[in-house]
Every structure is written in C-alpha cells, then in structure tokens.
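*Asks:* Dropping the structure in here first, questions after.
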Amino acid sequence: VVLLVLDIHACIAKDPLHFRQLVVFLVHNFRIDHSLLERRGALIIRRLCVLLDAERVYRELSTILEGEADLDFACVMVQALNLILLTSSELSELRELLKQSLVNAAGKDLFVSLYASWCHSPMAIISLCLLAQTYQHACAVIQSLVEEDINAKFLVQLDKLIRLLETPVFAYLRLQLLEPRQYIWLLKALYGLLMLLPQQSSAFKVLRRRLKTVPSYSFDGGNLKRAASGNPYSQILHHSGSQITEDGDIVQDNGNLQNGINFASLQQFKQMQQQHHMLAKSRAQSRNSSTSFLKV
C-alpha cells in the first residue's frame, strides 16, 4: 500500500509545483513524527528517488533543510539522507556524479547544492567530502572540530562512517591509498578521524588496521621509491616542492584544478555549527535553572 501511494504521489509530483509541495509535505511529516523517519524514511526517499529522479529529490530536500528552523530535526534528517546516499543502490548514479565534483561541472553544482544543508552535521559533511574526493576540505573540517562537537552522538556517527569506508562504495578511496604521496590529504583526513576515536573502540582498531596496510612507497615514473620512514604519515609531514590541488593530487598529474571547488573558508560550516552550539548551550542553561528552582 505504501509503495502504491508513493507511485500516485510521484505521478502528481511530475508537475513542478506539485513536486515542491510533495517534498515540503514529506519533510513536515518527518518533523512531526520522528518514528516515521526511522521506520519508513529510507523506503520513502529511495522510492521517490527512483520515481522522480534522485538528483532532483536530493536538491529539493537540501534546499528545504538549509533553512529549517528546528536544528535538531535538520541534523537528524541530514544524517538519514547522508546514510541513504552512501548505501542505497538506487542512488548509485548520484554517488558517481558526486565523485566527479572536482572534474565535472554538474558534479560540482550538486556538491555545492548539498553542502549547504549537510553543514547541519559535521559527520555528514566529512562523508560528503570523502565521497566527492575533496580531501583537503575534509581535513579542514576535521581540524575545525572543537570539544563541543566530539560528543556521544558524533562518535556513533563516526563509527558508522568508519564501517562504511570498508564497503564497496568506498573501494576507490581505499585504492587511492596505494598512492600515499599523491593523495596526502586523504591520508591526513583518515589519520584525523583516527585521532578523534577512543583507542579502545572497535572503529579505532578497524581504521588503524586499514592505515597499517598503506604502502610506505609511491610509484613515480615507473620507479619504486622508498619513503624515508615506514610510517606513511611521515610522507605528509615531509612532502614539499609540488603544488597540491584540493583533492590532494599533485598538479602535474592532474590538470583539472580549474574545474575544482575553491573553498575560501569554512565560514558556512562554522556558522551553522555555531547555531547548533548556541541552541545546546541555551538548553543546558534552561535545565540548570529548572534544577535550581526545584532545589529551592
């Protein structure tokens, strides 16, 4: 019945005006009934992506969530959309388009469209950057995280991401680790995630084992060059002399920098996270005031 209802809505939503109304109505229902998002959210969104074009659906959802007043709901919704994006077979074409963000105008436009709303969740932004291969920006986001960002919810999301990195969806990323000198920003981003994880967690052990498999050499002109140390991270610290593009590629090996995404700053992400921090702070103050009143 759910699938048939979605089919009918999709037929009506082929009209641009009705399409907007449908997506707004869908977000409204998820907002007032979080259990609907948990139980049926993935099914509904995946089906609509098949019936109405995944890119169109995600762009519209991103536009709505960018201006969402309920920040907690926006964060939960973005995390749900991000997980669907990274795992659903129905969105494989969307993932392929995002992987070309640095070399394809359409991919870049989609990345920028999603980025604005993905800022509600630090882990969603990091995931999106890894998918789009904007590894240098992923490093910047990771390094911008402060104590308030590293809470239990963040660590749960980080655990999910680490496990997703071991799936076929991120096979290209793991293969890029064969060229540590070329993808130094990817390596640095993964080490940054490792430093955020508690050492006793299973995710820490999974990621550390993966990083231990990174070769301590790089291939250059057919000659095998050994690194000065067996630790691949030393290559990041000692690499110099070549200009590095946004995704960590050496310029002479990749001439697509002109189509890359130029991140002037982290202002958009920082401003959104500041709103979340202020909301959390005001709630904490309200709880403290209520506790003090009850004691009196």
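The values are calculated or read from the model by the stated rules, or taken from the named source; none is laboratory data. Keep in mind the model is a prediction, meaning the values are calculated, not measured. So basically every Cβ, Gly included, is an ideal-geometry build from the backbone, and we count neighbours across all protein chains shown. Just the protein is used for accessible areas: all its heavy atoms, side chains included, with ligands, DNA and RNA removed. Shrake-Rupley method; radii C 1.70, N 1.55, O 1.52, S 1.80 Å.
*Asks:* For the range 153-216, what value does the Rg/Rh ratio take when both radii are computed over Cα atoms and Rh is the Kirkwood radius, given to two decimals?
*Replies:* My calculation of the ratio gives 0.95.
*Asks:* Still on this structure: Highest first, please rank the peptides 196-209, 4-17 by the mean number of other Cβ atoms sitting within 10 Å of their residues.
*Replies:* 196-209, 4-17
*Asks:* Another question, then. Quick check: pseudo-label points 7 Å beyond the Cα along Cα→Cβ at Leu145 and Ser202, how many nm apart are they?
*Replies:* 2.0 nm
*Asks:* Tell me, what is the 1.4 Å probe accessible area of Arg31, in Å² to the nearest 10?
*Replies:* We get 70 Å² for Arg31.
*Asks:* Take the cross-link list Lys99/Lys270; Lys14/Lys153; Lys14/Lys99; Lys14/Lys160; Lys99/Lys281; Lys212/Lys281 and give me the ones stretching past 31 Å between alpha-carbons.
*Replies:* Flagged as over cut-off: Lys14/Lys153; Lys14/Lys160; Lys99/Lys281; Lys212/Lys281.
*Asks:* Right, next: Using a simple spin-label model with points 7 Å from Cα along the Cα→Cβ vector, what separation in nm is obtained for Leu178 and Arg210?
*Replies:* 1.7 nm
*Asks:* Here's another thing I want to ask about it. Let me know the whole percent of all Cα-Cα pairs from the range 1-133 that are separated by more than 18 Å.
*Replies:* More than 18 Å apart: 52 percent of the Cα pairs in the range 1-133.
*Asks:* I need the calculated FRET efficiency for the pair Ala152 and His18, taking r as the beta carbon distance and R₀ as 30 Å, to the nearest 0.05.
*Replies:* Details: r = 41 Å, r/R0 = 1.36.
Between Ala152 and His18 the formula returns 0.15.
*Asks:* Once the piece of chain linking Thr87 and Leu279 is laid out straight, how much longer is it, given 0.36 nm per residue of separation minus the C-alpha distance between them? Mind dumping the intermediate values first?
*Replies:* Numbers: separation 192, 0.36 × 192 = 69.12 nm, distance 3.08 nm.
Contour length minus Cα-Cα distance gives 66.0 nm.
*Asks:* Something else: Going toward the positive end of the dipole of the range 153-216, with +1 on Lys and Arg Cβ and -1 on Asp and Glu Cβ, which of Pro215, Gln199, Leu173 do you reach last?
*Replies:* Positive-most Cα among the choices belongs to Gln199.
*Asks:* Further, regarding this structure: Note down the accessible area of Asp149, probe 1.4 Å, to the nearest 10 Å².
*Replies:* Asp149 has an accessible surface of roughly 20 Å² with all protein chains in place.
*Asks:* Given contacts defined as C-alpha pairs under 8 Å and at least six residues apart, what's the relative contact order of the range 1-133, whole-number percent?
*Replies:* Rounded, it is 22 percent for the range 1-133.
*Asks:* So how much accessible area does Glu90 have, in Å² to the nearest 10, using a 1.4 Å probe?
*Replies:* 70 Å²
*Asks:* Mind giving me the FRET efficiency for Val5 and Ala105? R0 is 30 Å, r the Cβ-Cβ distance, nearest 0.05 is fine.
*Replies:* 0.25
*Asks:* Leaving ligands, DNA and RNA out of it, rank Thr134, Thr167, Thr87, Thr213 by accessible area with a 1.4 Å probe, largest first. If you can, show how the numbers build up before the last one.
*Replies:* Values: Thr134 0, Thr167 40, Thr87 70, Thr213 90 Å².
Greatest to least solvent exposure: Thr213, Thr87, Thr167, Thr134.
*Asks:* Beta carbons within 10 angstrom, averaged per residue: use that to sort the peptides 274-287, 51-64, highest first. Write down the numbers at each step before the final one.
*Replies:* On the way: 274-287: 11.9, 51-64: 18.9.
Order by mean packing, descending: 51-64, 274-287.
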